[in-house]
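First comes the structure, then the notes that go with it.
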Amino acid sequence: MKIKLALLFGLLTIATILAGCEPLLVFDTKGPQAATISNVIWISIITMAVVVIVVVALLINMLVKYRASKQPEDYEPPHIEGNPIVEAIIVGVPVLIVAFLSVISVMSTYSVEAVPEGYEDQEPLVIYASSSDWKWHFSYPEQDIETVNYVFIPTHRPVEFRLYSHTTISSFWIPQLAGQKYAMADMVNKLNVVADVPAEMIGRNSNFNGEGFAENTFNVTSLDPDEFDSWIEDIHATAEPLTEEEFTKLLEPGHLGQMTFTGTHLDFLPAPEGEHGGHNHGSSETDQDSAGHEETNTESEHDHH
Amino acid sequence: MKELFPAKQVNGFVFSLVLTVIAISVYFVDMSYEIGLTILLVTAFIQAGVQLIIFMHAGESKDKGSIYTSLFYAIFIALVTIFGSLLAMVWGYM
Amino acid sequence: MKIDNTQPLEYSTDQNQMNILGFWIFLGAEIMLFATLFATYFIYADRTGSGPTGSDIFEITPVLIETFLLLTSSFTIGLAINAMRLGRKNATLTFLAITLLLGAGFIGFEIFEFVHYYHVGAGLQTSAFTGMLLTTLGTHGAHVTFGFFWGLFILIQIKRDGFNPRTANKSFIFSLYWHFLDVMWIFIFSFIYLKGMM
Amino acid sequence: MEFFERFAVPHPSPLIYASMVAIGLTVLAIIFGITYFKKWGYLWKEWLTTVDHKRIGIMYMISALLMLFRGGADAVMMRLQTSVPDNTFLEAQHYNEVFTTHGVVMIIFMAMAFIIGLMNFVVPLQIGARDVAFPRLNALSFWLYFAGAMLFNISFVIGGSPDAGWTNYYPLASNDFSTSVGVNYYNWALQISGLGTLMTGINFIVTIIKMRAPGMKLMKMPMFTWSALITNAIIVFAFPVLTIALIMGTLDRQFGTSLFTSTSGGMDMQWANLFWIWGHPEVYILILPAFGVYSQIISTFSGRNLYGYKSMVGSMVIISLMSFLVWAHHFFTMGHDAFTNSIFSITTMAIAVPTGIKIFNWLLTMWKGKIRFTVPMLYSVAFIPLFTIGGVTGVMLGVASADFQYHNTMFLVAHFHNVIIPGVVFAMLAGMTYWWPKMFGFMLNEKIGKWAFWFVSIGFCFSFFPMYITGLDGQARRMYTYSESTGFGPLNMLSFFGAGVMAIGFIIIVYNVLYSIKNSPRNIGDDPWDARSLEWATQTPVQEYNFAITPEVESSDAYWDHKKKGYQLFKGNIEKIHMPNNSGLPIIMAGIMLVFAFSFVFYIWAGVIVAAIAFLACLIYRSFEKDDGHYIPVSEIKETENKNGGAN
């Protein structure tokens, strides 16, 4: 049968490519979050491969055994209604598989949302990552610096990215560190990551946001805490301060290279959280009242387009 | 004249007025949000039932099986949509 | 057309029965339409931006009048169908006319209410909350307006042709539509107005 | 002059000008051709005003195939653009328009239309009915769909195509970020055709519930009819959600509300929420009828009854309910807490169970059968493993944590093409080949058909399997280009190669149609496949009234048991048959709707008002119209039956 040959060929190709080349980005992990997801993906691939193999084996069996050319001319296939035991099996086994994967899914979902194990007691480094068309702005409130299109993080320290957008919905994604999350204009999302090793990584916006989407990437560098600290000092020694005027210019649609400033835009243009949020998607009874007047604040800069 | 005002429909009408008055009480009587919402839920759904069965004759034809199936299907999905949306957009954030 | 005389006139042909069943299924779709509006409204109920909140703008009196008008019209359309099954043409026409008048009254009050909202600064563009409120009420209002004209044409046809499988079927389906609008109003009344004013 | 400026395409390119000329020439050629052969009268009387479900079905399918080639051309352009790094064949904006229209055209105007077309042609025949419950509404459904499709397609040459993706997320789709009228087109084209689809849904539910032949209990219906019933139930309850979402989008874009903005309290993600409440059931609207098609075909060509009939029905009912419970898995990454994501993750994976039941039932249908490898059967056989791969990757995507890595990547693109192409497109091709003799009275050439099958299915594998890998390697979807250092190049080239092979497959199918029109024998009888259900019991080509005598049914394989066990299908004598009259109103109303929507897209309020009044006038005309249809006398029926060899 050409079909099964084609199929086997297809599966083999995938297997060889998966096994042969250097590891794919999602499996080439540099932190515990991505490692967890990578393991989950492998577990699900293997489980699902078993399902596919069973189905293909059954199919090949049926096609080989019951093709018309193999049967006598006068063979009349029987009428078979169905059988409770068979049906119990074809319901029961998938239910077990799904239950198994559900447990994996729930456990890993809780795990990747939390601060990774072993880092809970460390004070996380907070970095605001906000997107505009088609750039990423990284603000370090603690260190009082801001970068555009690149981010440095120390290794072995939990980093809390706070994500939001100045324009459309974008998705903050560093495949080697963790899964992605949306950055939206009216709420702040948190993404906990830790880098295990010093590395150069690629990050990007993965959610389509218009003309400049393809180049909407940034560089991520994880480095030893000492080097990180000296990098911060360097910036304070060399970079210009970020003014509101300058930042408004940065927000204009287009592409910029990598840039560095002292100070952050959060001072004059706070992120949409807490009293500045108003309508984060979550329940917002506490900040409902302040929502009204803070509105105009964020509104003005949305009109730039 | 009497046949033009069958008891079933008149009673249904009076009953729906009573339900409306009970519902309005949440506005005029001081009560907690939870109790108020419960009253509204109960009166609204009974009211809807009254309309469906007494006024709309949902069960009178031989297609009543199909009619009720389609209604329950719709109500089930409607509730899933409403509460699922609230979960996904409002409640589901820590 | 085969006419089955053992059934009420509105059910008397196969096509009539299919029309009625089809309309019930359409009402199922309408339930989803309003459920979507409600779901969105509930999400937006607190998202008032710089505009007014529900309790700022809702007024109980017009809402109560609208509710009473629509409830009563739902009762009279029921009576109209009852009269039709008794073969009383004039009574049917009277009840139908009363229904439409009550419906027109409802539309009038709703327009009045919308004008009021506009004056207190709650327009379509003010905030997500006002936009969604007016969209939801407007969808219901548009249904009632459509129903008003639909009922009017049925009234004309009954007056002209009397009762036959066609007009009886149309009247019955119209009554389903009208009752349904009342049911939807009950939910709007309870979960938009009363809940908003609570 | 200012008035006309709005109609200009915002980002013209030689490619667009070339297509404008091509479209213009084609339209002229069609008009000239029809006039030259004096076919206007025939076209109007026999097709444009028809209410016959078979002809409406065929028109649906022809339109769907046209759309397939429109969307297919988009697809090949996209694959070509991304085949090598830093390609400059398309600009970013043009690429964005291309993938947006590709998605919308393929889902709404191609797959939906073909599925509805098949239902139109097959369902009344399978249940032994003369037509659908509301024939005129059916015609209106088709013409509204057609108007929507036309509206969407003229966006390409007048005013600019939508460019915010087929998912059309706000605020990207708002006036601020999508400045052309493209998204207005999107709103109105989907609105109009959605209206048509909703009517189809109601129409077919009533048809199937009320018009089955005597003796055909619900649990004796052929599986395709069952799938049609369930599908239409999903349509009826899912499409109103889209209607509201599109109205809200229109309000935002054209009336300045802030429902989906990020200011004044609006919520951008509510669009996504509503879109997927409709969008996920929509996936099942496409796939369930495909399951129905496969059930018929596998059963026919295995020479066996469908295994586990009851569990097949039950699993579809469960799927139809569960399809409304999973939509939030399309935005796991928007920041829900782990609890919410877990709920939707579990419901998502649970859907795999009823789907798995169906796969095993098909396999068991072949068991102890006598399998004939015809073209429809080849597609069905290839469907099982390919769809299983698509299904299990779906389960993988359902794992919420892992979805954080798959979301928005080529892995996702590979997954949904992997379910939609072997699922829906193969079913379309299989169904078309299978029912072709019933539609046109001759068969498609089997040998050429098999060539096409190999090209399409192998091309599919090369096209989409590489995407799983590039996705895991970090290639986001919808990127118009990428740099060489990413290393995506070779696999994307492989994809382009696959797309090319598929395209050749589709060209072979067109050639097959032309070849078969010319060369296929016409004396094929009524039942060329030795099939099992009622549609094969009537004569080919099928007469206007479908069955001269309404069949009486005793089992779920009615026609098979008639052939094998000698059950009598047609009892009694020929009586006069009541049929609905043709009507020009549906096409006129759809035309008015087209004018209405086109004016709305461009804010031409005079056009909107005039069209709205005209539309209402049509409704009023319809309300007062007395049209009871007509009877075909016994003598005429007997004459036709005898001429064509008789039904029984």
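Counting only residues that are surrounded by fewer than 22 Cβ atoms within 10 Å (Cβ to Cβ) and touching a residue at least 60 places away in the same chain (Cβ under 8 Å), give me the helices (runs of 4 or more DSSP H) lying completely in the range D:287-387 with at least 2 of them. Spell out the reasoning first.
Working: elements: D:309-322, D:338-350, D:352-366.
Fully inside the range D:287-387 and qualifying: D:309-322.
Tell me, which helices (runs of 4 or more DSSP H) wholly within the range C:1-101 include 3 or more residues that are buried (at least 23 other Cβ atoms within 10 Å of the Cβ) and within 12 Å of chain D (Cβ to nearest Cβ)? First the steps, then the outcome.
Values: elements: C:14-44, C:54-57, C:60-85.
Output list reads C:14-44.
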*Being over 29 Å from D:Gly308 (Cβ atoms), part of a helix (DSSP H, G or I), more than 8 Å from chain D (Cβ to nearest Cβ) and at pLDDT below 95, is that true of even one residue in the range A:58-66?*
no
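If you take the residues in the range D:240-266 that are β-branched (Val, Ile, Thr) and modelled with pLDDT of 95 or more, which one is farthest from the chain's Cα centre (by Cα)? Quick ask: steps written out before the conclusion?
Taking the range D:240-266 and keeping what is β-branched (Val, Ile, Thr), we get D:241, D:243-244, D:247, D:250, D:257, D:261, D:263.
The next check asks that each one be modelled with pLDDT of 95 or more; those that pass are D:241, D:243-244, D:247, D:250.
Working: D:Val241: 19, D:Thr243: 18, D:Ile244: 22, D:Ile247: 23, D:Thr250: 25 Å.
The selected residue is D:Thr250.
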*Examine the range C:66-79 for a residue that is more than 22 Å from C:Ser190 (Cβ to Cβ), among the small types (Gly, Ala, Ser) and within 16 Å of the chain's Cα centre (by Cα), and state whether such a residue exists.*
no
*asked:* I'm trying to understand the selection: among the residues of the range A:179-193, which are more than 7 Å from every other protein chain (Cβ to nearest Cβ), crowded, with 24+ Cβ neighbours inside 10 Å and farther than 14 Å from A:Pro272 by Cα?
replied: A:Leu191, A:Val193
*Output the number of the condition that D:Val241 fails; it satisfies all remaining conditions of (1) touching a Pro at 6+ places or on another chain (Cβ under 9 Å); (2) more than 9 Å from every other protein chain (Cβ to nearest Cβ); (3) without any contact (Cβ under 8 Å) to a residue 60 or more places away in the chain.*
(2)
*asked:* Only one of A:Ala88, A:Ala129, A:Ala49, A:Ala35 is small (Gly, Ala, Ser), out of contact with any Pro (no Cβ under 7 Å at 6 or more places or on another chain) and within 10 Å of another protein chain (Cβ to nearest Cβ). Can you tell me which?
replied: A:Ala49
*In the range D:85-114, which residues are of a type outside the set (S, T, N, Q), touching a helix residue (DSSP H, G or I) at 6+ places or on another chain (Cβ under 6 Å) and outside any helix (DSSP H, G or I)?*
D:Pro85, D:Phe89, D:Leu90
*From the list D:Val395, D:Val413, which one is at the interface with another protein chain (Cβ under 7 Å from one of its Cβ atoms) and either part of a helix (DSSP H, G or I) or of a type in the set (D, E, K, R) (or both)?*
D:Val395
*the range D:517-531 residues that are touching a residue at least 12 places away in the same chain (Cβ under 8 Å), paired with ones that are acidic (Asp, Glu) and part of a loop (DSSP other than H, G, I, E, B) (beta carbon under 7 Å, 6 or more apart)*: none
*Within the range D:1-49, work out how many residues are within 26 Å of A:Glu211 (Cβ to Cβ) and assigned to a loop (DSSP other than H, G, I, E, B).*
8
*Given the structure, is C:Ile111 surrounded by fewer than 16 Cβ atoms within 10 Å (Cβ to Cβ) and away from every other protein chain (no Cβ under 13 Å)?*
yes
*Say whether the condition of being out of contact with any helix residue (DSSP H, G or I) (no Cβ under 9 Å at 6 or more places or on another chain), within 14 Å of chain A (Cβ to nearest Cβ) and of a type in the set (Val, Ile, Thr) is met by at least one residue in the range D:179-195.*
yes
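Taking D:Phe602, is it surrounded by 17 or more Cβ atoms within 10 Å (Cβ to Cβ) and either at pLDDT 95 or above or more than 30 Å from D:Trp536 (Cα to Cα) (or both)? Give the derivation first.
Details: surrounded by 17 or more Cβ atoms within 10 Å (Cβ to Cβ): yes; either at pLDDT 95 or above or more than 30 Å from D:Trp536 (Cα to Cα) (or both): yes.
When the stated conditions are applied, D:Phe602 passes them.
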*Hand me the list of helices (runs of 4 or more DSSP H) wholly inside chain B holding 2 or more residues that are more than 8 Å from every other protein chain (Cβ to nearest Cβ) and either touching a helix residue (DSSP H, G or I) at 6+ places or on another chain (Cβ under 7 Å) or modelled with pLDDT under 90 (or both).*
B:7-28, B:33-50
_Filtered residues of the range A:206-216 (kept if free of Cβ contacts under 8 Å to residues at least 24 places away in the same chain and within 19 Å of A:Phe138 (Cα to Cα))_ = none
*List the pairs whose first member sits in the range D:1-20 and is assigned by TED's automatic domain parsing to the domain that holds D:Asn184, whose second member is in a loop (DSSP other than H, G, I, E, B) and of a type in the set (Ser, Thr, Tyr), and whose Cβ atoms are under 8 Å apart, counting only residues at least 6 apart or on separate chains?*
D:Pro10/D:Thr179; D:Pro10/D:Ser180
*Restricting the search to the range A:194-232, which residues are surrounded by fewer than 24 Cβ atoms within 10 Å (Cβ to Cβ), among the aliphatic types (A, V, I, L, M) and not in a helix (DSSP H, G or I)?*
A:Val197, A:Ala199, A:Met201, A:Ile202, A:Val220, A:Leu223
*If you check D:Thr200 against the conditions, is it of a type outside the set (D, E, K, R) and at pLDDT 95 or above?*
yes
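Listed here are the residues, each with its yes/no results for (1) more than 27 Å from C:Ile192 (Cα to Cα); (2) in contact with a Gly (Cβ under 8 Å, 6 or more places away or on another chain); (3) surrounded by fewer than 13 Cβ atoms within 10 Å (Cβ to Cβ).
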{"residue": "B:Thr20", "(1), (2), (3)": "no, no, no"}
{"residue": "B:Ser25", "(1), (2), (3)": "no, no, no"}
{"residue": "B:Ala48", "(1), (2), (3)": "no, no, no"}
{"residue": "B:Met56", "(1), (2), (3)": "no, no, no"}
{"residue": "B:Thr69", "(1), (2), (3)": "yes, no, no"}
{"residue": "B:Tyr73", "(1), (2), (3)": "no, yes, no"}
{"residue": "B:Leu87", "(1), (2), (3)": "no, no, no"}
*Within the range A:265-272, is even one residue within 14 Å of chain B (Cβ to nearest Cβ) and either buried (at least 16 other Cβ atoms within 10 Å of the Cβ) or modelled with pLDDT of 50 or more (or both)?*
yes
*For residues that are in contact (Cβ under 8 Å) with a residue 40 or more places away in the chain and more than 7 Å from chain D (Cβ to nearest Cβ), scanning just the range A:168-177, find the one that is nearest to D:Ser161 (Cα to Cα).*
A:Ser170
*Are there any helices (runs of 4 or more DSSP H) wholly within the range D:542-648 with 1 or more residues that are among the acidic types (Asp, Glu), and if so which?*
D:558-565, D:634-643
*Of the numbered conditions (1) aliphatic (A, V, I, L, M); (2) more than 30 Å from D:Ser141 (Cα to Cα); (3) in contact with a strand residue (DSSP E or B) (Cβ under 9 Å, 6 or more places away or on another chain), D:Ala548 fails exactly one; give the number of that condition.*
(2)
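Is at least one residue of the range A:14-33 small (Gly, Ala, Ser), buried (at least 19 other Cβ atoms within 10 Å of the Cβ), within 42 Å of the chain's Cα centre (by Cα) and modelled with pLDDT under 95?
Narrowing the range A:14-33 to residues small (Gly, Ala, Ser): A:15, A:19-20, A:31.
With buried (at least 19 other Cβ atoms within 10 Å of the Cβ) added as a condition, the list becomes A:31.
With the extra rule that they be within 42 Å of the chain's Cα centre (by Cα), the set shrinks to A:31.
Now restrict to residues that are modelled with pLDDT under 95: A:31.
Yes, that holds for at least one residue.
For D:Thr261, state whether it is in contact with a Pro (Cβ under 7 Å, 6 or more places away or on another chain), facing chain C (nearest Cβ under 10 Å) and more than 16 Å from D:Leu195 (Cα to Cα).
On the way: in contact with a Pro (Cβ under 7 Å, 6 or more places away or on another chain): yes; facing chain C (nearest Cβ under 10 Å): yes; more than 16 Å from D:Leu195 (Cα to Cα): yes.
So D:Thr261 fits the description; yes.
The values are calculated or read from the model by the stated rules, or taken from the named source; none is laboratory data. Keep in mind that what you see is a predicted model, and the values were worked out from it rather than measured. Methodologically, a virtual Cβ is constructed for each residue, glycine included, from the backbone with ideal geometry; neighbour enumeration extends over all protein chains shown.
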